[in-house]
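The values are calculated or read from the model by the stated rules, or taken from the named source; none is laboratory data. What you are looking at is a predicted structure, and each value in this text was computed from that prediction instead of being measured. All Cβ positions, glycine included, derive from the backbone under ideal geometry; neighbour counts span all protein chains shown. For the accessible areas, the whole protein counts, side chains as well, though only heavy atoms, and no ligand, DNA or RNA atoms are used. Shrake-Rupley method; radii C 1.70, N 1.55, O 1.52, S 1.80 Å.
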Amino acid sequence: MSSRFLIMSIVLIGISLLLLLTLAFYYYQFRKLDTKSKKYGLVIPAITISLISISEIMGIITAIIYKPDASSLNIGTIVTTVIGMIFIAASVIALFFFIPYFGVALTKDSINLIGEKIDNKNIVKIIEDTRTPNIFVFYKQGKRVTKKVKFSTKMVDASFFDEKITGIKVDNEDALAYHNKTIRNK
């Protein structure tokens with residue numbers, strides 16, 4: 001029973017190290033881009049890296065305080081393993097849902113996020129929302145699927161998506177109404 005916590009601590013260390021290295025690789029590729037304009041996020045990336053680092057530390061602490069005898073309860077290993085797993089799950093959720101807040105760059109032919117690229121030819125519309133302080137980029141993925149990416153105006157403003165760079169005019173309208181009218185009703 002108690003050897004499972006040692007295995008879980010090794011898995012926790014491996015997953016968090018893999019996440020940190022992957023994020024570092026994507027940031028390195030992002031920095032190398034030859035761009036017209038580039039913005040980096042600060043708060044969400046710092047929180048995500050902190051969560052991953054804390055889970056790495058929890059995995060190391062679990063490996064250090066682990067006792068191999070079957071008679072001990074290993075309460076400390078249970079607590080540190082659970083905390084580490086919760087922080088890894090929170091960081092994966094942050095990476096999945098908040099990737100536009102990590103960074104955005106404009107090149108002559110695409111909008112680049114950390115680990116993602118949206119070609120300008122696939123962009124359907126860019127909307128500065130009139131109801132919320134957000135900018136939405138609607139783009140085609142494949143032949144039939146239209147997706148959207150939301151950017152906060154705290155990170156980028158409408159002038160960031162300059163028509164001279166992207167070739168697409170930024171419209172001021174209700175993004176939800178546009179989404180319901182064009183995408184949901186297909």
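If you plug each phi of the range 34-46 into the Karplus form 6.51 cos²θ - 1.76 cosθ + 1.60 with θ = phi - 60°, what whole-Hz ³J(HN,Hα) values come out, in order, with x for Gly and Pro?
Listing the rounded values in order: 7, 10, 7, 8, 8, 10, 10, x, 10, 6, 5, x, 5 Hz.
Give me the Å³ per residue figure for the convex hull around the C-alpha atoms of the range 1-101. The partial results should precede the final answer.
Values: hull volume 8.0 nm³, N = 101.
In the range 1-101, the Cα hull volume divided by residue count equals 79 Å³.
Per 0.36 nm of contour for each residue apart, how much would the distance between Ile60 and Ile78 grow if the chain were fully extended, relative to their Cα-Cα spacing?
Working: separation 18, 0.36 × 18 = 6.48 nm, distance 1.30 nm.
Taking Ile60 through Ile78 to full extension adds about 5.2 nm, to one decimal.
Given Phe151, Gln141, Ile93, which one lies farthest toward the positive end of the charge dipole of the chain, if we put +1 on the Cβ of every Lys and Arg and -1 on the Cβ of every Asp and Glu?
Working it through, the farthest residue towards the positive pole turns out to be Gln141.
Could you work out which residue, out of Ile47, Ile75, Ile99, moves most in a Gaussian network model of the chain, that is, has the largest mean-square fluctuation with Cα springs under 10 Å?
Ile75
Per-residue ellipticity at 222 nm for the chain, helices alone: DSSP H runs ≥ 4 residues times -39500 (n - 2.57), over residue total, nearest 500 deg cm²/dmol?
Calculated from helices alone, the mean residue ellipticity at 222 nm is -15000 deg cm²/dmol.
Identify which of the listed values of Rg and Dmax of the Cα atoms in Å was calculated from the structure shown: [x] 21.3, 70; [y] 15.2, 45; [z] 20.1, 67.
The value computed from this structure is option [x].
Pop out the carbon and sulfur fraction of the accessible area of the chain as a percent, whole number, probe 1.4 Å. Working shown, then result.
Values: 6920 of 11000 Å².
Using a 1.4 Å probe with all protein chains present, the chain comes out at 63 percent carbon and sulfur.
Loop only by DSSP, 16 or fewer other Cβ within 10 Å of the Cβ. Give me the trypsin sites (Lys or Arg not before Pro) in the range 12-43 that pass, ordered by residue number.
Values: sites: Arg31, Lys32, Lys36, Lys38, Lys39; in loops: Lys36.
When the trypsin sites (Lys or Arg not before Pro) of the range 12-43 are filtered for loop state and at most 16 Cβ neighbours within 10 Å, Lys36 remain.
Just to verify a number: FRET efficiency for Asp119 and Ile10, C-beta to C-beta distance, R0 = 41 Å, to 0.05?
On the way: r = 41 Å, r/R0 = 0.99.
Given R0 = 41 Å and the Cβ-Cβ separation, E is 0.50.
Tell me, in nm to one decimal, what length is gained between Val43 and Ser152 on full extension, where the rule is 0.36 nm per residue of separation less the Cα-Cα distance? Working shown, then result.
On the way: separation 109, 0.36 × 109 = 39.24 nm, distance 1.26 nm.
The Val43-Ser152 span can extend by a further 38.0 nm.
About its Cα centre, what dipole magnitude does the chain give when the only charges are +1 on Lys and Arg Cβ and -1 on Asp and Glu Cβ, stated in debye to the nearest 20?
Working: 24 positive and 14 negative charges, 144 e Å.
Roughly 700 debye, rounded to the nearest 20.
Rolling a 1.4 Å sphere over the protein heavy atoms, what is the accessible area per residue of the chain, to the nearest Å²?
Details: 11000 Å² over 186 residues.
Here the per-residue accessible area is 59 Å².
Dipole magnitude of the range 1-111 about its Cα centre, charges +1 at Lys/Arg Cβ and -1 at Asp/Glu Cβ only, in debye to the nearest 20? Please list the in-between numbers first.
Working: 8 positive and 4 negative charges, 81 e Å.
That gives a dipole near 380 debye.
What is the calculated FRET efficiency for Ser53 to Tyr28, with r their C-beta to C-beta distance and R₀ = 22 Å, to the nearest 0.05? Present the calculation step by step, with values, prior to reporting the outcome.
Working: r = 18 Å, r/R0 = 0.82.
With a Förster radius of 22 Å, E is 0.75.
Given the options Leu42, Leu106, Ile54, identify the residue whose Cα lies farthest towards the positive end of the charge dipole of the chain (+1 on Cβ of Lys, Arg; -1 on Cβ of Asp, Glu).
Looking along the dipole axis, the top candidate is Leu106.
Phe98 to Lys36: FRET efficiency via 1/(1 + (r/R0)^6), r the Cβ-Cβ distance, R0 35 Å, to the nearest 0.05? Numbers along the way, then the final one.
Details: r = 24 Å, r/R0 = 0.69.
Given R0 = 35 Å and the Cβ-Cβ separation, E is 0.90.
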